[in-house]
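The values are calculated or read from the model by the stated rules, or taken from the named source; none is laboratory data. This structure is a prediction, so every number in the text was calculated from the model and none was measured. Heads up: the accessible areas ignore ligands, DNA and RNA and are worked out on the full protein's heavy atoms, side chains in. Shrake-Rupley method; radii C 1.70, N 1.55, O 1.52, S 1.80 Å.
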Amino acid sequence: MTRFIVINEQSIPVHITHAHRKSIQLRVKDSILWVRAPQKMSDRWIMDFIETKKSWISKQLIKKEKVYISAKEGWLILFNQKVMIGNDSVQTVLTRAYPTFKQMIESQCLTYADRLNVTITSIQIKSMKRSWGRAHASGKLVFATRLIHTDPRFIEAVCVHEVVHLVFMNHSADFKKTCIRLCPQYLEWIKLET
(Lines give C-alpha, C1' and ligand atoms only; values in the text may rest on other atoms or scores of the structure.)
Protein backbone atom coordinates (compact mmCIF):
# COMPACT_ATOMS: atom_id res chain seq x y z
CA MET A 1 0.00 0.00 0.00
CA THR A 2 1.39 3.38 -0.99
CA ARG A 3 1.26 6.02 1.69
CA PHE A 4 1.58 9.77 1.27
CA ILE A 5 2.88 12.68 3.30
CA VAL A 6 1.98 16.31 2.57
CA ILE A 7 4.91 18.73 2.46
CA ASN A 8 4.57 22.32 1.23
CA GLU A 9 1.07 21.53 -0.07
CA GLN A 10 2.54 18.74 -2.20
CA SER A 11 1.58 15.10 -1.75
CA ILE A 12 4.76 12.98 -1.60
CA PRO A 13 4.53 9.19 -2.04
CA VAL A 14 6.17 7.20 0.75
CA HIS A 15 7.61 3.81 -0.19
CA ILE A 16 8.37 1.70 2.90
CA THR A 17 10.57 -1.40 2.79
CA HIS A 18 11.10 -3.56 5.85
CA ALA A 19 14.51 -5.20 6.04
CA HIS A 20 16.83 -6.93 8.47
CA ARG A 21 18.35 -3.77 9.96
CA LYS A 22 18.52 -1.87 13.26
CA SER A 23 17.82 1.69 12.16
CA ILE A 24 15.50 3.60 9.87
CA GLN A 25 16.82 5.19 6.67
CA LEU A 26 15.13 7.99 4.71
CA ARG A 27 16.07 8.88 1.13
CA VAL A 28 14.41 11.26 -1.33
CA LYS A 29 14.69 10.26 -4.97
CA ASP A 30 12.51 11.22 -7.94
CA SER A 31 10.12 13.09 -5.59
CA ILE A 32 9.44 9.88 -3.63
CA LEU A 33 10.37 9.30 -0.01
CA TRP A 34 12.05 5.89 0.21
CA VAL A 35 12.11 4.39 3.70
CA ARG A 36 14.05 1.34 4.85
CA ALA A 37 13.05 0.24 8.34
CA PRO A 38 13.55 -2.69 10.71
CA GLN A 39 11.22 -5.63 10.05
CA LYS A 40 9.28 -5.31 13.32
CA MET A 41 8.75 -1.55 13.10
CA SER A 42 5.11 -0.69 12.44
CA ASP A 43 4.13 1.52 9.50
CA ARG A 44 2.27 3.79 11.90
CA TRP A 45 5.44 4.38 13.96
CA ILE A 46 7.36 5.00 10.72
CA MET A 47 4.80 7.57 9.54
CA ASP A 48 4.95 9.30 12.94
CA PHE A 49 8.74 9.40 12.65
CA ILE A 50 8.48 10.83 9.13
CA GLU A 51 6.26 13.63 10.48
CA THR A 52 9.16 14.72 12.72
CA LYS A 53 11.46 14.84 9.66
CA LYS A 54 9.28 17.01 7.40
CA SER A 55 11.74 19.91 7.47
CA TRP A 56 14.63 17.68 6.34
CA ILE A 57 12.46 16.04 3.65
CA SER A 58 11.40 19.47 2.37
CA LYS A 59 15.06 20.54 2.06
CA GLN A 60 15.89 17.34 0.17
CA LEU A 61 13.02 17.91 -2.26
CA ILE A 62 14.22 21.47 -2.94
CA LYS A 63 17.80 20.24 -3.53
CA LYS A 64 16.56 17.67 -6.02
CA GLU A 65 14.48 20.25 -7.91
CA LYS A 66 17.35 22.67 -8.53
CA VAL A 67 17.90 23.04 -12.27
CA TYR A 68 21.12 24.61 -13.48
CA ILE A 69 20.76 24.03 -17.22
CA SER A 70 17.83 24.18 -19.62
CA ALA A 71 19.27 23.64 -23.09
CA LYS A 72 15.72 23.38 -24.44
CA GLU A 73 14.91 26.89 -23.18
CA GLY A 74 18.40 28.13 -24.08
CA TRP A 75 19.87 29.08 -20.71
CA LEU A 76 22.11 27.92 -17.90
CA ILE A 77 23.12 29.21 -14.50
CA LEU A 78 26.71 30.42 -14.08
CA PHE A 79 27.81 31.85 -10.75
CA ASN A 80 24.15 32.06 -9.70
CA GLN A 81 23.20 34.18 -12.75
CA LYS A 82 21.01 33.06 -15.65
CA VAL A 83 23.01 33.17 -18.88
CA MET A 84 21.38 32.85 -22.28
CA ILE A 85 23.20 30.31 -24.44
CA GLY A 86 22.37 31.88 -27.79
CA ASN A 87 23.89 30.05 -30.74
CA ASP A 88 26.52 28.32 -28.58
CA SER A 89 26.23 24.88 -27.06
CA VAL A 90 26.00 24.44 -23.28
CA GLN A 91 29.46 22.86 -23.38
CA THR A 92 30.93 25.85 -25.21
CA VAL A 93 29.56 28.30 -22.63
CA LEU A 94 30.80 26.14 -19.74
CA THR A 95 34.22 25.74 -21.36
CA ARG A 96 34.57 29.53 -21.67
CA ALA A 97 33.57 30.03 -18.01
CA TYR A 98 35.78 27.25 -16.63
CA PRO A 99 39.11 29.19 -16.46
CA THR A 100 37.44 31.95 -14.42
CA PHE A 101 35.88 29.33 -12.15
CA LYS A 102 39.17 27.46 -11.65
CA GLN A 103 41.10 30.66 -11.00
CA MET A 104 38.47 31.74 -8.45
CA ILE A 105 38.81 28.50 -6.51
CA GLU A 106 42.60 28.41 -6.69
CA SER A 107 43.11 32.01 -5.58
CA GLN A 108 40.66 31.71 -2.68
CA CYS A 109 42.13 28.41 -1.49
CA LEU A 110 45.70 29.71 -1.68
CA THR A 111 44.75 32.92 0.16
CA TYR A 112 43.07 31.04 3.00
CA ALA A 113 45.81 28.39 3.13
CA ASP A 114 48.38 31.16 3.49
CA ARG A 115 46.41 32.70 6.36
CA LEU A 116 46.28 29.30 8.09
CA ASN A 117 49.89 28.46 7.24
CA VAL A 118 48.95 25.15 5.59
CA THR A 119 50.20 23.69 2.33
CA ILE A 120 47.95 22.71 -0.55
CA THR A 121 49.58 20.03 -2.70
CA SER A 122 46.98 20.11 -5.48
CA ILE A 123 43.58 21.50 -6.37
CA GLN A 124 41.31 19.46 -8.61
CA ILE A 125 37.86 20.10 -10.02
CA LYS A 126 35.83 17.06 -10.96
CA SER A 127 32.32 15.69 -11.10
CA MET A 128 31.02 14.94 -7.60
CA LYS A 129 27.37 14.18 -6.93
CA ARG A 130 27.26 13.91 -3.14
CA SER A 131 29.51 16.70 -1.94
CA TRP A 132 30.74 20.15 -2.92
CA GLY A 133 34.33 19.50 -1.98
CA ARG A 134 36.77 17.19 -0.29
CA ALA A 135 40.06 17.65 1.56
CA HIS A 136 42.73 14.99 1.91
CA ALA A 137 45.32 14.86 4.69
CA SER A 138 47.97 14.96 1.95
CA GLY A 139 46.95 18.55 1.17
CA LYS A 140 44.94 17.71 -1.94
CA LEU A 141 41.66 19.61 -2.35
CA VAL A 142 38.91 18.45 -4.71
CA PHE A 143 35.91 20.57 -5.73
CA ALA A 144 32.70 19.66 -7.56
CA THR A 145 32.33 20.98 -11.11
CA ARG A 146 28.69 21.86 -10.33
CA LEU A 147 29.96 24.65 -8.06
CA ILE A 148 30.30 26.71 -11.27
CA HIS A 149 26.52 27.19 -11.16
CA THR A 150 26.39 28.51 -7.59
CA ASP A 151 26.71 31.88 -5.89
CA PRO A 152 30.37 33.06 -5.70
CA ARG A 153 29.88 33.58 -1.95
CA PHE A 154 28.95 29.92 -1.59
CA ILE A 155 32.02 28.93 -3.61
CA GLU A 156 34.18 30.97 -1.25
CA ALA A 157 32.56 29.35 1.80
CA VAL A 158 33.26 25.89 0.34
CA CYS A 159 36.89 26.91 -0.28
CA VAL A 160 37.19 28.06 3.34
CA HIS A 161 35.56 24.82 4.52
CA GLU A 162 37.94 22.58 2.60
CA VAL A 163 41.09 24.55 3.49
CA VAL A 164 40.18 24.41 7.18
CA HIS A 165 39.85 20.63 6.81
CA LEU A 166 43.62 20.62 6.22
CA VAL A 167 43.92 21.60 9.90
CA PHE A 168 40.85 19.87 11.35
CA MET A 169 39.72 16.70 9.56
CA ASN A 170 36.35 16.90 11.35
CA HIS A 171 33.53 19.35 12.02
CA SER A 172 34.45 20.18 15.60
CA ALA A 173 33.82 23.47 17.38
CA ASP A 174 37.42 24.47 16.58
CA PHE A 175 36.79 23.73 12.90
CA LYS A 176 33.74 26.00 12.86
CA LYS A 177 35.51 28.76 14.81
CA THR A 178 38.40 28.69 12.36
CA CYS A 179 36.04 28.93 9.38
CA ILE A 180 34.34 31.95 10.95
CA ARG A 181 37.69 33.55 11.85
CA LEU A 182 38.84 33.26 8.23
CA CYS A 183 35.51 34.32 6.74
CA PRO A 184 33.11 36.05 9.16
CA GLN A 185 30.17 35.43 6.75
CA TYR A 186 30.95 31.69 6.54
CA LEU A 187 27.83 30.48 8.39
CA GLU A 188 25.57 32.63 6.21
CA TRP A 189 27.27 31.83 2.90
CA ILE A 190 27.62 28.07 3.41
CA LYS A 191 23.81 27.88 3.69
CA LEU A 192 23.17 29.49 0.29
CA GLU A 193 23.01 26.10 -1.46
CA THR A 194 22.14 23.72 1.35
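Before moving on, here are some points about what is shown:
- Accessible solvent surface per residue of the chain, calculated while the other protein chains remain in place, 1.4 angstrom probe, Å²: 62
- Listed values (1) 16.9, 52; (2) 20.2, 58; (3) 16.1, 46 include one computed from this model; for Rg and Dmax of the Cα atoms in Å that value carries the label (2).
- Springs between Cα atoms under 10 Å define the GNM used for the chain, and in it the highest mean-square fluctuation of Asp114, Asp151, Asp48 occurs at Asp48.
- Karplus (6.51, -1.76, 1.60) ³J(HN,Hα), θ = phi - 60°, over region 88-102, in Hz, Gly and Pro reported as x: 7, 8, 4, 4, 5, 5, 5, 4, 5, 7, 4, x, 5, 4, 4
- Considering only region 1-65, percent of DSSP beta bridges that pair antiparallel, nearest 5: 60
- Most mobile of Ile24, Ile85, Ile125 in a GNM of the chain (Cα contacts under 10 Å): Ile24
- For region 86-194, the share of DSSP beta bridges that are antiparallel, to the nearest 5, is 40%.
- Here region 45-141 is treated as a sphere whose radius is the Kirkwood value from Cα pairs; by Stokes-Einstein at 10 °C and 1.306 mPa s it diffuses with a coefficient of 94 µm²/s.
- For region 116-194, the tally of Lys pairs with Cα-Cα distances below 21 Å comes to 6, considering only residues 8 or more apart or on different chains.
- Most mobile of Val158, Val167, Val35 in a GNM of the chain (Cα contacts under 10 Å): Val35
- Each residue of region 106-123 was assigned a 3J(HN,Hα) from its phi angle through the Karplus curve 6.51 cos²θ - 1.76 cosθ + 1.60 (θ = phi - 60°); the sequence is 4, 5, 5, 4, 5, 4, 5, 5, 4, 5, 8, 6, 10, 10, 9, 8, 7, 10 Hz, with glycine and proline shown as x.
- Percent accessible area from carbon and sulfur atoms, the chain, protein chains only, probe 1.4 Å: 51
- Region 140-193 - convex hull of the alpha-carbon atoms, volume per residue in Å³: 75
- Beta-bridge orientation, the chain: approximately 65 percent antiparallel, per DSSP, counting only bridges with both partners inside.
- Long-range lysine pairs (8 or more apart or interchain), region 10-83, Cα under 19 Å: 17
- Taken one residue at a time, the phi angles of region 6-21 give Karplus couplings (6.51, -1.76, 1.60, θ = phi - 60°) of 9, 9, 6, 6, 10, 8, 9, x, 10, 9, 9, 10, 8, 9, 6, 8 Hz. Gly and Pro are set to x.
- Across the protein chains, with a 1.4 Å probe defining accessible surface, the residues Arg146, Arg96 rank Arg96, Arg146 from largest area downward.
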